[in-house]
Amino acid sequence: AVPLAVLTIPFLLTIALFLFHKRVLAMQGLSGYVSRQIVYAAVFAGLGMGIAAAACIRRVPIKVATALLALVLAADLLFASRDLLPTTPREHLFPETHLTTELQAKTRPVRISVLTASIDSGLMQPYRIEQLHGYDPLYPRRIIEFMTAAYPGAWEQAERLFSLEYYLFPHGLEGEDAPSAGMELVTTADGIDIFRNPRALPRAFLVSTLETVPDSDALFQRMHEEDFDPARVALTDASVEPFTSDTPTDIPGTATIEQWSPNRVAVQVDASAHSVLVLTDAYYPGWRAYADGEGVVGIDDGRGITD
């Protein structure tokens, strides 16, 4: 009776956790799968309890009961790890859903905010869907520092620099957490509304003004000023000469991303004047810059700006 009572506690806890996460599991198409795993676990636990009970009332010798328990345990472990083998098909680990299919169909590169839909950071990474916090499911330090320093005074400008083209929200969400005015509803998938953010800056663009600041604190102070416009001014703390091009328009040319991957970006630039090419990607050590196939002053040597 005592082992049975002890076994009941984790079983009830498992059921409670399942019910708590049921909506998220349903969105991912995993509610049926998890339900079956709970049943399988209960069956194996029941077999173990039956063998232990039989040994207690001496209908089964201890050595036989021990061997049977070891056999049930081995079968349980092998059965539980059947989806974790190196040869396991990808679709078993990362099942496609209506939501993931819709997001994967967006023209790349595209960055999406998933936290607004209460989706944990990192869940979309195996689907090659880039999220706000960087290329991986962790929180890169530079991104967190940038968000912390920019919020709330400079968040409006910082948010544009994140190039968040799409936001996800629970379907029909209202109130303070609802999508802001100006966002355009694209479609609804798996109970999630996909909104396009027209304020997002392109992933690559040109600006005609470069301003230098002594350090990162001064950089964020400049971003908090009302006249700062990230679409027209680039900021750097590198040791370079600031400039403002004499261009007849605010747009000094075009920058088109021709190839993109987490480790390589190829941009076709057509500049009508001296300008700065801005990529709204997070900086990581090791990046190098090339122009027409030739290496130029790179962002990995501390200077950060190329002509």
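Computed from the coordinates by the stated procedures, all read-outs in this text should not be read as laboratory data. Treat the numbers as computed from the prediction; the structure is a model and nothing was measured. Don't worry about glycine lacking a Cβ; one is built from the backbone with ideal geometry, like all the others, and counts go over all protein chains shown.
Rounded if a/c is under 1.5, else prolate if a/b is larger than b/c, else oblate: which is the stretch 63-123, with a ≥ b ≥ c the root eigenvalues of its Cα gyration tensor? Prolate shape, in that a/c is at least 1.5 and a/b is the bigger ratio. Among 108-115, 203-210, 28-35, the peptide with the highest mean count of other Cβ atoms within 10 Å heads the list, and the full ranking is 203-210, 108-115, 28-35. Reported value for the stretch 205-261: 115 Å³ per residue, from the convex hull of its C-alpha atoms. The residue list Ile251, Thr14, Asn197 was ranked by how far each Cα lies along the charge dipole of the chain toward its positive end, using unit charges on Cβ atoms, and Thr14 comes out on top.
Looking at the stretch 132-291, the pairs of alpha carbons with a distance over 24 Å make up 43% of the total. Extending 7 Å from Cα along the Cβ direction at Glu258 and again at His98 yields two label points whose distance is 4.0 nm. The Cα atoms of the chain define a convex hull whose projected area, averaged across directions, is 22.5 nm². Of the trypsin sites (Lys or Arg not before Pro) found in the stretch 33-76, the ones in coil according to DSSP and having at most 15 other Cβ atoms within 10 Å of their Cβ are Arg58, Arg59. Judged by the gyration tensor of its Cα atoms, with axes a ≥ b ≥ c, the stretch 1-101 is oblate; a/c meets the 1.5 cut and b/c is at least as large as a/b. Ranking Pro262, Thr116, Met183 by how far each Cα lies toward the positive end of the dipole of the stretch 113-267 (charges on Cβ) leaves Pro262 at the top. Each of the peptides 190-201, 160-171, 222-233 was scored by the mean count of other Cβ atoms within 10 Å over its residues; in descending order, highest first, they stand as 160-171, 190-201, 222-233. How many angstrom lie between the C-alpha centres of the stretch 1-75 and the stretch 77-121? For the stretch 1-75 versus the stretch 77-121, the Cα centre distance is 28 Å. Of all DSSP beta bridges confined to the stretch 111-205, the antiparallel ones make up roughly 70%. Averaged over residues, the count of other Cβ atoms within 10 Å places the peptides 45-52, 124-131 in the sequence 124-131, 45-52, highest first. Rounded to the nearest 20 debye, the dipole size of the chain about its Cα centre is 2520 debye, using +1 on the Cβ of Lys and Arg and -1 on the Cβ of Asp and Glu. Scattering from the stretch 1-41 was approximated by placing one identical point on each alpha carbon and applying the Debye formula without solvent; log10 I(q)/I(0) at 0.14, 0.16 1/Å stands at -0.36, -0.45.
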